[in-house]
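The values are calculated or read from the model by the stated rules, or taken from the named source; none is laboratory data. What you are looking at is a predicted structure, and each value in this text was computed from that prediction instead of being measured. Cβ placement follows ideal geometry from the backbone for every residue including glycine, while neighbour counts extend to all protein chains displayed.
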């Protein structure tokens, strides 16, 4: 075995380790609202998230990744020393993986995205020095951590208020939900298709402009919206037999069907956003080993995204079932209507932020969405002190992975060079 | 293990509110029994039941304190927290008034004159009616906050209306009874004793109505 192969094997191992940790920690939270509302079972949640997550990674994930986390540091400064770059990426992946693993074990609410960002900043500081870090690029990242949960809250809260007025308070709520459902399905598909066109099809160099993209997305979504309505009506009729409160259990099961769609949507968005956290540095190592140079941007191979997506699903399957169960049992306040709103708002925010290239945390966006529904008076008692926990997790995650990455980098450099 | 999403969800204080309301229903049952025993002149058994009610009251008090003490700032509820506390206060006062009535009767054992017995029994029956609706009211509210359906909200509203109507009827009977007390009893002490007793009984329904008004305010849109 050559040294190169050894490096690649080690890198793959660490990359997959990070991916599995992301699955165990992040994806479980992403499916939490679906399981909590009993729209889907734990098994279904695992299956859906594995498939939709892998699809999200492949179809809408970052095929072209800025090697060093959205340009926080200029990798060209290391162009003469690809070895250092490889070691740095390796140390960063390992540091982030260890931290997420530790946090999952301790039950700490951390963000996998922030872990990798922190680790990469640490590597940047130790390899080229703090003065070379592009701190200007750090500001929008930090802002996005605040803005993204807010965006999730606003979208979910507005949608819930709208639903309450138009559907829950309608004379015949079931009829109203049938009437408005094509619109919701339409929205889900428009955003799915747009994110697919703008990110997934980038490799084909189609370079569609917004107008062309919309002219494809809108008609297709209209068809899906109308077809989806009739499909769901048929499904609901099939599943519901007779019940005392038929009017309301019909809506519940109708929205449970819709939530099946948004659960896929969330898992897809997660795949698009978070798989890159593990796959990005992994791809950077591969590229550096093969070309013996450090590129500003590297192409993430299709197979890597696919494997990354599957590894995330595998991590969920191996360690996430318990998490999903705990979450499902604890958030019974979420019914299908609320779950639908939370997932719609969260997934939309994640896909939009992912498109803008902002590293955001899936979990934080989902928490934001649920709080948004709470503010629309659509949830039981919510503990807003959790916001403090999120802030603590930002304050702990970044320095921890930053210093761990620096430490690991030094050790590896000491051992090898 | 703690998970960010699960730690977001706080145990709803409405469950304890339901327990509190259930305790009240238990008490109204005993209250009725105590009044009957008192009228039959079985004061010893009456005293036992009074003590039992006092025990239940202190249990309900513990539930109330538990709700209040474990609702820190930073908990987002579907209702205004101030209104929620007002509601518990009023619901708790219902129990206080039941206890006060029994204590008033036990301070001095005065037998109720034959001519007033029926009216007192009628008044007691009437004030118990709105109080017994409180557990149902809380339950309906819990269902409404879980689903946010218009229908479920209408049920809460209709129970509030029922409580209000029973209270109005009890008020009417209370006034009639006071009039009768003034007209039939000559002794100043007895007048004071029975007027005060009537007021205590009447205020049980008043607080049930206040509670339901608060509930109505909580579900206002």
Do we have any residue at all in segment B:45-65 that's farther than 20 Å from residue B:157 by Cα and either part of a loop (DSSP other than H, G, I, E, B) or touching a strand residue (DSSP E or B) at 6+ places or on another chain (Cβ under 6 Å) (or both)? no
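Conditions tested, residue by residue: (1) within 14 Å of chain B (Cβ to nearest Cβ); (2) in a loop (DSSP other than H, G, I, E, B); (3) touching a residue at least 24 places away in the same chain (Cβ under 8 Å).
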residue	(1), (2), (3)
A:77	no, no, yes
A:96	no, no, yes
A:136	no, no, no
A:152	yes, no, yes
Counting just the residues of segment A:352-365 that are within 14 Å of residue A:112 (Cβ to Cβ) and not in a helix (DSSP H, G or I), which one comes out farthest from the other protein chains (Cβ to nearest Cβ)? A:359
When the residues of segment B:69-98 are filtered to those that are without any contact (Cβ under 8 Å) to a residue 24 or more places away in the chain and part of a loop (DSSP other than H, G, I, E, B), which remaining residue is surrounded by the most Cβ atoms within 10 Å (Cβ to Cβ)? B:74
Take the residues in segment B:34-46 that are free of Cβ contacts under 8 Å to residues at least 60 places away in the same chain and in contact with a helix residue (DSSP H, G or I) (Cβ under 6 Å, 6 or more places away or on another chain); name whichever of them is nearest to the other protein chains (Cβ to nearest Cβ). B:37
Going residue by residue through segment A:389-404, is there one that turns out to be assigned to a helix (DSSP H, G or I), within 14 Å of chain B (Cβ to nearest Cβ) and free of Cβ contacts under 8 Å to residues at least 12 places away in the same chain? yes
Going through segment A:298-312 one residue at a time, which ones are surrounded by fewer than 24 Cβ atoms within 10 Å (Cβ to Cβ) and modelled with pLDDT of 85 or more? A:303, A:304, A:306, A:307, A:310
Which residues, taken from segment A:26-44, are within 13 Å of chain B (Cβ to nearest Cβ) and assigned to a helix (DSSP H, G or I)? A:26, A:27, A:28, A:29, A:30, A:31, A:32, A:33, A:34, A:35, A:36
Of B:130, B:135, which residue is at pLDDT 95 or above, closer than 30 Å to residue B:9 by Cβ and out of contact with any strand residue (DSSP E or B) (no Cβ under 8 Å at 6 or more places or on another chain)? B:135
Sole residue being within 11 Å of chain B (Cβ to nearest Cβ), surrounded by 21 or more Cβ atoms within 10 Å (Cβ to Cβ) and assigned to a helix (DSSP H, G or I), chosen from A:345, A:368: A:368
Any idea how many residues of segment B:10-29 are at the interface with chain A (Cβ under 10 Å from one of its Cβ atoms) and either in contact with a helix residue (DSSP H, G or I) (Cβ under 6 Å, 6 or more places away or on another chain) or surrounded by fewer than 19 Cβ atoms within 10 Å (Cβ to Cβ) (or both)? 4
Given the conditions (1) touching a residue at least 24 places away in the same chain (Cβ under 8 Å); (2) under 22 Å from the mean Cα position of the chain (by Cα); (3) surrounded by 14 or more Cβ atoms within 10 Å (Cβ to Cβ), and given that residue B:196 satisfies all but one, which numbered condition is not satisfied? (3)
How about segment B:100-109: which of its residues are part of a helix (DSSP H, G or I) and in contact (Cβ under 8 Å) with a residue 60 or more places away in the chain? B:100, B:101, B:102, B:104, B:105, B:106
Single residue of segment A:185-215 satisfying the filter (over 21 Å from the mean Cα position of the chain (by Cα) and more than 25 Å from residue A:276 (Cβ to Cβ)) that is modelled with the highest pLDDT: A:186
Checking residue A:170 against (1) at pLDDT 85 or above; (2) part of a helix (DSSP H, G or I); (3) more than 29 Å from residue A:306 (Cβ to Cβ), which single condition isn't satisfied? (2)
Residues (within 8 Å of another protein chain (Cβ to nearest Cβ) and more than 20 Å from the chain's Cα centre (by Cα)) located in segment A:371-385: A:374, A:375, A:377, A:378, A:379, A:380, A:381, A:382, A:383, A:384, A:385
